[in-house]
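Below: one structure, written as structure tokens.
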Amino acid sequence: KISCLATTDLSQSLASADFVILQIRPGGMEARTEDEKLGLKLGVPGQETIGIGGFMSALRTIPALQIIGEKIRHHASDAWVLVLSNPTGVIAEFLYSQYNLKVVGICDVPFEMYTGLRKFFQAQEEDIDIEYTGLNHCSWVTGVKLNDKNMLEEIMKRSNAEKWESAFPDIPHELVRNLGLVPCFPYTIYHYREESILKKDQNREKTRGESLAEWQKNIFQASRSDYPKILTELLEERKAPLYGSLLLDAVTTLKSPQVRIRTFSTPNKGAIPQLPYNAFVEVPSAASKNGIKPLTLNNPMPAQIAHIASSVKTYERLLVKAFIKQDLSLIYRALLVNPLTNRERILNYFSNQQAYLQNFVQGGVRS
């Protein structure tokens, strides 16, 4: 039997909770749209979780997390906090470092990559395994095993280019060959194809945020109608059933006495030796009711990707530190080390936005 309680009282909702699902978006779709348009104005993609869009989103989200983090620590300190909000890496770093909460990031990218590779090889679920490493929205597949045979070289063959781009149209086969591994779609691709992505964004009639705002409006209307099929179709359009199943799987995994291998965002604990021990990374982990243990990779992160992961993680931790220390200089330092924001036009823009950024480090940025 399941009982539901609807409340706007955060303290009441947290009382004795085993799991807290964090899915917030300060400023709503309107703020996301403004972030995307700012990116276009500055000549870069305005994606909501990485680069300039992720930066602007973090400025609004971290202050809101102060209230939420304090409440969780007071009312449900032993609960698992499942983070679906973006930017997940920044949020997880903040809640973990500030409030010592049991934080885990949930994302569909590992599942989508696994599913896509399984279809590419026409393999059964139990026959294929992937080696996956990186951060939330900054990750790579470094190995694919089919019946214990490494199939990465098979992917690299020029003869498989057409088949690959049919399965993964947004991950160029040439890029995969040159890297010697697979950058995950959609987010990691920005580090390699920024100009072509920007061109596509500039040619769109609407930003992603504007399209989702319309979708959201339609969802609310459909939920009040007598046509549940319309609501179901709209939810499937946004992959809502997938997110729901990933959440349910995370909950059942973290309640189960049996160990399951799942790819979560979790403290590193040495899984990626090039990154700080307590930094949040996205790697396969052994998970159960006893906790989450990241699996140590057979090899260090390959050199051709380690510099990107290290820079992005440094950016995330500097941004969190800027807020905690109320240090404006750390914001500029964060922008400088992020490969997607280290642009002269971006830095010049924010050098003229000191009052706005000062509000952030003082805990006051709001939409």
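The values are calculated or read from the model by the stated rules, or taken from the named source; none is laboratory data. As the structure is a prediction and not an experimental result, all values here were calculated from the model. Counting neighbours? That spans all protein chains shown, and the Cβs are built from the backbone with ideal geometry, glycine included. Heads up: the accessible areas ignore ligands, DNA and RNA and are worked out on the full protein's heavy atoms, side chains in. Shrake-Rupley method; radii C 1.70, N 1.55, O 1.52, S 1.80 Å.
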Being surrounded by 21 or more Cβ atoms within 10 Å (Cβ to Cβ), at pLDDT 95 or above and of a type in the set (A, V, I, L, M), is that true of even one residue in the stretch 294-301? no
Is it fair to say Leu231 is farther than 23 Å from Gly27 by Cα, modelled with pLDDT under 90, part of a helix (DSSP H, G or I) and not charged (D, E, K, R)? yes
The condition of being closer than 24 Å to Glu194 by Cα and out of contact with any Gly (no Cβ under 7 Å at 6 or more places or on another chain) holds, among Asp148, Asp127, Asp170, only for Asp170
Please list, ordered by residue number, the strands (runs of 3 or more DSSP E) wholly in the stretch 81-200 having 3 or more residues that are within 30 Å of Leu14 (Cβ to Cβ). 102-105
On the basis of being in contact (Cβ under 8 Å) with a residue 24 or more places away in the chain, exposed (fewer than 14 other Cβ atoms within 10 Å of the Cβ) and on the phi < 0 side of the Ramachandran plot, does Pro339 make the cut? no
Looking only at the stretch 260-277, how many residues end up being polar (S, T, N, Q) and open to solvent by 70 Å² or more (accessible area, probe 1.4 Å)? 1
One residue from Leu336, Leu254 being over 21 Å from Lys102 (Cα atoms) and among the aliphatic types (A, V, I, L, M): Leu336
Within the stretch 101-144, can you find the residues that are more than 22 Å from Ala161 (Cβ to Cβ), under 20 Å from the mean Cα position of the chain (by Cα) and of a type in the set (S, T, N, Q)? Thr133, Asn136, Ser139
Any residue at all in the stretch 31-41 that's touching a residue at least 24 places away in the same chain (Cβ under 8 Å) and outside any helix (DSSP H, G or I)? no
Scanning the stretch 9-41 for residues that are of a type in the set (D, E, K, R) and touching a Ser or Thr at 6+ places or on another chain (Cβ under 8 Å), the one most open to solvent (accessible area, probe 1.4 Å) turns out to be Glu30
Would you pick out the residues in the stretch 244-259 that are in contact (Cβ under 8 Å) with a residue 24 or more places away in the chain and open to solvent by 70 Å² or more (accessible area, probe 1.4 Å)? Lys255, Pro257, Gln258, Val259
Can you run down the residue pairs with Cβ atoms below 9 Å, 6 or more apart or on separate chains, where the first is in the stretch 201-212 and under 12 Å from Leu40 (Cβ atoms) and in contact (Cβ under 8 Å) with a residue 60 or more places away in the chain and the partner is open to solvent by 50 Å² or more (accessible area, probe 1.4 Å) and part of a helix (DSSP H, G or I)? Asp201/Leu40; Asp201/Arg208; Gln202/Leu40; Thr207/Lys37; Thr207/Leu40; Gly209/Glu30; Gly209/Glu34; Gly209/Lys37
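Among the candidates Leu335, Leu357, which residue alone is closer than 23 Å to Ala31 by Cα and at pLDDT below 95?
On the way: Leu335 fails: at pLDDT below 95.
Sole residue among the options that is closer than 23 Å to Ala31 by Cα and at pLDDT below 95: Leu357.
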Going residue by residue through the stretch 135-147, is there one that turns out to be over 28 Å from Asn278 (Cα atoms) and open to solvent by 60 Å² or more (accessible area, probe 1.4 Å)? yes
Quick test of your reading of the structure: Gln124 fulfils all but one of (1) open to solvent by 30 Å² or more (accessible area, probe 1.4 Å); (2) in contact with a helix residue (DSSP H, G or I) (Cβ under 6 Å, 6 or more places away or on another chain); (3) without any contact (Cβ under 8 Å) to a residue 24 or more places away in the chain; (4) not small (Gly, Ala, Ser). Name the failing condition by number. (2)
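Could you please let me know if Lys217 is more than 21 Å from the chain's Cα centre (by Cα), modelled with pLDDT of 90 or more and not hydroxyl-bearing (Ser, Thr, Tyr)?
Values: more than 21 Å from the chain's Cα centre (by Cα): yes; modelled with pLDDT of 90 or more: no; not hydroxyl-bearing (Ser, Thr, Tyr): yes.
No.
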Right, Leu95: among the hydrophobic types (A, V, I, L, M, F, W, C) and surrounded by fewer than 20 Cβ atoms within 10 Å (Cβ to Cβ) or not? no
Being open to solvent by 20 Å² or more (accessible area, probe 1.4 Å), touching a helix residue (DSSP H, G or I) at 6+ places or on another chain (Cβ under 8 Å), assigned to a helix (DSSP H, G or I) and touching a residue at least 60 places away in the same chain (Cβ under 8 Å): is that true of Ile324 here? yes
Inter-residue pairs, beta-carbon under 8 Å, first open to solvent by less than 90 Å² (accessible area, probe 1.4 Å) and in the stretch 213-229, second hydrophobic (A, V, I, L, M, F, W, C) and modelled with pLDDT of 85 or more, 6+ apart: Ala213/Met29; Gln216/Met29
Here is a list of conditions, (1) more than 18 Å from the chain's Cα centre (by Cα); (2) in a loop (DSSP other than H, G, I, E, B); (3) touching a residue at least 24 places away in the same chain (Cβ under 8 Å), and Tyr277 meets all of them except one; can you say which number that is? (3)
